[in-house]
C-alpha cells in the first residue's frame, strides 16, 4: 500500500486491510476459500479447500514455495501446520530445514531434535539436525547425526556428503569412502562434485 509503516501501525483498522490481503493471497495457491481478519491484536485466518485433504494440500503448497525460494510465504503456512500437527514428521523436517537455511539455528535445532525423538528411524530426520548443528558450529555433534542417518540408510547420499565435508578437514582418508557413496548417488550434484575435486588430488583407481 502507498502509505508509511508508521501510519499503518497507528491505525489498527487500516493495518487489518494489508494483513488480511497478505494471508488471503498466500492461501490462494492451493485453491479453496480463504478469509483473514485482524481482531484483538491477532490475525484470524480460515481456509476451506474445495476438494482433497487440507493438510496435504497446504503442505504441498508450502513445499512448492520452498522450491522456488519463497520462504516469506512458506513460513506462515508451515507455522500454522506445526501448530495444528506438532508431531508431523514432514512438517517438522521441512520447517526445520527452512529455518536452518535462513540461519535460524536454535529454532531449527529444536524442531529437528523433536523430529529425531518422534521418528528415530527417519534417516533424513537425522540428516536435517546434522545440517543445523553444523551451521551452528557444533561439528562433532553434526557428524554423529550424519553417521546415525547412514546407519539407518547407508544410501543417504546427503548425509554422506555433509559428513564428508566436516571429516575431510582433519581426516581426508576417512572421508573418502563417504564421498564415494555420495558421488555414486548424486552424480550430477555440483556441490558434491566440487567437494570431490577438493578432496582428491590423485586419480581415482580404475575398475
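Derivation of every value follows stated rules applied to the coordinates shown; laboratory data play no part. If you're wondering where the values come from, they're calculated on a predicted model, not measured in any experiment. No Cβ is skipped: glycine too gets one built from the backbone with ideal geometry, and neighbour counts run over all protein chains shown.
At a 10 angstrom cut-off on C-beta neighbours, averaged per residue, how do the peptides 45-57, 86-98 rank from highest to lowest?
Averaged packing, sorted descending, gives the order 86-98, 45-57.
Neighbour counts of other C-beta atoms within 10 Å: give me 60, 75 arranged from fewest to most.
60, 75
State whether segment 53-153 is rounded, prolate or oblate according to the following rule on the C-alpha gyration tensor (a ≥ b ≥ c being the square roots of its eigenvalues): a/c under 1.5 gives rounded; otherwise a/b larger than b/c gives prolate, and the remaining case gives oblate.
Details: a/c = 2.10, a/b = 1.51, b/c = 1.39.
Prolate, because a/c is 1.5 or more and a/b exceeds b/c.
Starting from the Cα-Cα distance between residue 35 and residue 51, subtract it from 0.36 nm times their residue separation and give me the gain in nm to one decimal.
Using 0.36 nm per residue and subtracting the Cα-Cα distance, I get 4.0 nm.
Please give the contour-minus-distance gain from residue 151 to residue 84: 0.36 nm per residue of separation, less the Cα-Cα distance, rounded to one decimal in nm. Before the final figure, lay out the partial values.
Working: separation 67, 0.36 × 67 = 24.12 nm, distance 3.16 nm.
Once the chain is fully extended between residue 151 and residue 84, it gains 21.0 nm.
Would you work out if segment 106-163 is rounded, prolate or oblate? Take a ≥ b ≥ c from the square roots of the eigenvalues of the alpha-carbon gyration tensor; rounded if a/c is under 1.5, else prolate when a/b is larger than b/c, oblate otherwise.
Numbers: a/c = 2.13, a/b = 1.16, b/c = 1.84.
Taking the square roots of the gyration eigenvalues as a ≥ b ≥ c, segment 106-163 is oblate.
Arranged by the count of other C-beta atoms within 10 angstrom, fewest first, what order do 152, 26 take?
Listed from fewest to most nearby Cβ atoms, that is 152, 26.
With a 10 Å Cβ neighbour count serving as the proxy for reagent exposure, in which order, fewest first, do 33, 127 appear?
If I rank by nearby Cβ atoms, fewest first, I get 33, 127.
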